[in-house]
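Some notes on the structure that comes next.
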Amino acid sequence: MNAQRTARHTLALVAALFSALLSLPAAAQISEEQARQVISLLEDSHWVAEGPEEPERVAYTFTDMECPYCARQWQAMRPFINDADNVTQVRHVIVGILKPQSHAKGAAVLAADDPLAALEKAQRDFDSGGLAPLQDIPEDISRALGENRRLMQQLGIRGTPATIFTDTQGQLQFAPGLMGESLLATYLFQMDED
């Protein structure tokens, strides 16, 4: 019981601190310990990774399979993800919140034999329906989607895509909504645009 209380207290503290980060000017910072707590929560979430297997940097983006902005951001990331010099891994924290089919399509990604291939199909083919929704959702997959949704809510994130990453100064940053190519290049992938 003490461990549960401590975990809830830690999560409440991290959520409050992260919410403070979202409401302050860009120069505002959270402590290294607070950033580690947020990253730990994200690491323990249910995600699909793309990019290098042993990255120098990791970014997390909350992604809904029914989100047109998520699909556009995924498309905008292609040149950077596929760049031979890319050292950033993007971990898509799959949620199902926007539309009735969101949960079942998110489940289709997480339950797939190859979740990355399923994510790619869902995003690449978004305009033509994307990925077919999973009809019989296993309990563990439904639970994983619920945990991701709760994490999103606890961090004060209200929409998708929502991206969390470390900037060039080593500070944890949050980018709500669609990031354009220039922002992706400069901040997320930290590469020069060609």
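The values are calculated or read from the model by the stated rules, or taken from the named source; none is laboratory data. Since the structure is predicted, the reported quantities are computational estimates derived from the model, not experimental observations. FYI the Cβ positions are ideal-geometry reconstructions off the backbone, even for glycines, and counts take in every protein chain you see. Each accessible area value is taken on the protein alone, full model and side chains, heavy atoms only, with ligands, DNA and RNA left out. Shrake-Rupley method; radii C 1.70, N 1.55, O 1.52, S 1.80 Å.
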Inset, instruction - Run the 1.4 Å probe and let me know the accessible area of ARG149, rounded to the nearest 10 Å². - result: 80 Å²
Inset, instruction - Mind running the shape call on the stretch 104-160? Use the C-alpha gyration tensor, a ≥ b ≥ c as the square roots of the eigenvalues: rounded below 1.5 for a/c, prolate if a/b tops b/c, oblate otherwise. - result: oblate
Legend entry - Debye, to nearest 20: dipole size of the stretch 102-194, +1 on Lys, Arg Cβ, -1 on Asp, Glu Cβ: 520 debye
Inset, instruction - Mind listing the long-range amide H neighbours of VAL95? Cut-off is under 5 Å, sequence gap 5 or more, other chains count too, H placed in the peptide plane at 1.01 Å from N. - result: THR63, ASP64, MET65
Inset, instruction - Would you mind working out the accessible area per residue for the stretch 114-176, using a 1.4 Å probe, and quoting it in Å²? - result: 53 Å²
Inset, instruction - With all protein chains present, calculate the accessible area of TYR69 using a 1.4 Å probe and round the result to the nearest 10 Å². - result: 120 Å²
Inset, instruction - Could you check how much of the accessible area of the stretch 78-168 is carbon and sulfur, as a whole percent, using a 1.4 Å probe? - result: 46 percent
Legend entry - Residue-span extension gain [SER40 to LEU116] - 0.36 nm each, minus C-alpha spacing: 25.2 nm
Legend entry - Label-point gap, in nm, between GLU147 and ASP125 - each point 7 angstrom along Cα→Cβ: 2.9 nm
Legend entry - Under the Debye formula (equal points on every Cα, no solvent term), log10 I(q)/I(0) of the stretch 50-140 at q = 0.16, 0.17, 0.19, 0.21 Å⁻¹: -0.62, -0.70, -0.85, -1.01
Legend entry - Using distinct alpha-carbon pairs, which all enter the 1/r mean, Kirkwood radius of the stretch 74-194 in Å: 15.6 Å
Legend entry - Cut-off 12 Å between beta-carbons: net charge of the residues surrounding ILE137, Lys and Arg +1, Asp and Glu -1: -1
